[in-house]
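Worksheet: one structure, shown below.
The values are calculated or read from the model by the stated rules, or taken from the named source; none is laboratory data. All figures in this text were calculated on a predicted structure; none of them were measured in a lab. Using ideal geometry, Cβ is built from the backbone for each residue, glycine included, and neighbour counts are taken over all protein chains shown.
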Amino acid sequence: MEKIDVVVIGAGQAGLSSAYFLRRFGLDPLVLDAAEGPGGAWRHRSPSLTMDKVHGVFDLPGSGRDRDADGDRPAAAVVPAYYASYERDLGLEVLRPVEVSAVTRGPGEWLTVTSGAGEWAARAVVNATGTWTRPHWPYYPGARDFRGRQLHYAAYRGPEEFRGRRVVVVGGGNSAAHVLSELAGVAAGTLWVTRRPPVFREDDFGESARREAVALVEQRVRAGLPPQSVVAVTGLGYTTVVREAMEKGALERLPMFARLTPGGVAWADGTEAVADAVVWATGFRSALSHLTPLHLREPGGGIAVDGTRVLAEPRLQLVGYGPSASTIGANRAGRTAARNVRDLLAAAEAA
């Protein structure tokens, strides 16, 4: 088993940011990524999601990009190309496709990282596996009896396949707004349903507001509670897709239905609506099954994290979790994780 100072699991924004700062601190991380190529979750976005619709692609640390040149190009092409060039410019060798199956406590001060490509003993691990591979499907009665199509936003590939169909879109975030902005005028009809009334923020969501939003999510993960998404804290801004959906009259929100029927959806008061398809834009959960052997879950259901450091296992840093699961906090989390790893290794050397 090869021994190494630090392993980074995942090469999306949070993983690449962590690798960048680890390099800055004089460490040479081993980066493992389960995907076939660069780009993280952006590789799998709908071709209809162009860069002028994207809400919050933040530059990777130490590297800018030409935002004006890519406005009408698919994010699924632009962002992976940007990440690929970043890896090359950084001289970062990412081993892929390598899926990590388990992280366990090894002998002494080591964590063992097990994958189909081999095992490594690491003095520290930065986990940056994100959420895209764990789409959240809430259960509602009647789901198995619904005769139409159900899909999660992760599988949405544009409006054409819904032409002439009646579609219910579930969810209160930018993903739901993206779908509604494209389906309106193409589908025979759309309904937007959410569990809570949406809150639209009027400000420009600047640096101060972003930091406040991240801090609110950090409070939950520090207490060992399951993290909320940053969007759940911030509300909906007037992004390009939100404005487009509004202009098309598609953001007329209805309360959440009580059940699905064979031909549509029904509310508790007996109201029903016919539907040919339901798009669940209901978010994602953290992809952390490979960390199960470490027994990190708190009684509240989450993993207690201080910044990025896991309280129950200080050799493990979680980035892309909680406040850094969005692009808002990923770069800052990468810097924090790298600093924590540097300090951990320095303390071990001094002991």
Inset, instruction - Residue by residue through region 162-182, note down the ones that are out of contact with any strand residue (DSSP E or B) (no Cβ under 8 Å at 6 or more places or on another chain) and either outside any helix (DSSP H, G or I) or modelled with pLDDT of 95 or more (or both). - result: Arg163, Gly164, His178, Ser181, Glu182
Inset, instruction - Please identify the pairs in which a residue from region 68-94 that is surrounded by 20 or more Cβ atoms within 10 Å (Cβ to Cβ) has its Cβ atom under 7 Å from the Cβ atom of a residue that is outside any helix (DSSP H, G or I) and of a type in the set (Asp, Glu), counting only partners at least 6 apart or on another chain. - result: Val94/Asp33
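Looking at this structure, is Val310 touching a residue at least 24 places away in the same chain (Cβ under 8 Å) and either surrounded by 17 or more Cβ atoms within 10 Å (Cβ to Cβ) or hydrophobic (A, V, I, L, M, F, W, C) (or both)?
When the stated conditions are applied, Val310 does not pass them.
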Legend entry - Evaluation of Arg315 against (1) in the same structural domain as Ala176 (by TED's automatic domain parsing); (2) crowded, with 16+ Cβ neighbours inside 10 Å; (3) assigned to a strand (DSSP E or B) (one fails), failing number: (1)
Legend entry - Residues of region 315-328 satisfying the condition of being modelled with pLDDT under 70 and among the small types (Gly, Ala, Ser): Ser324, Ala325, Ser326
Legend entry - Selection status of Gly302, on the phi > 0 side of the Ramachandran plot, modelled with pLDDT under 95 and crowded, with 20+ Cβ neighbours inside 10 Å: no
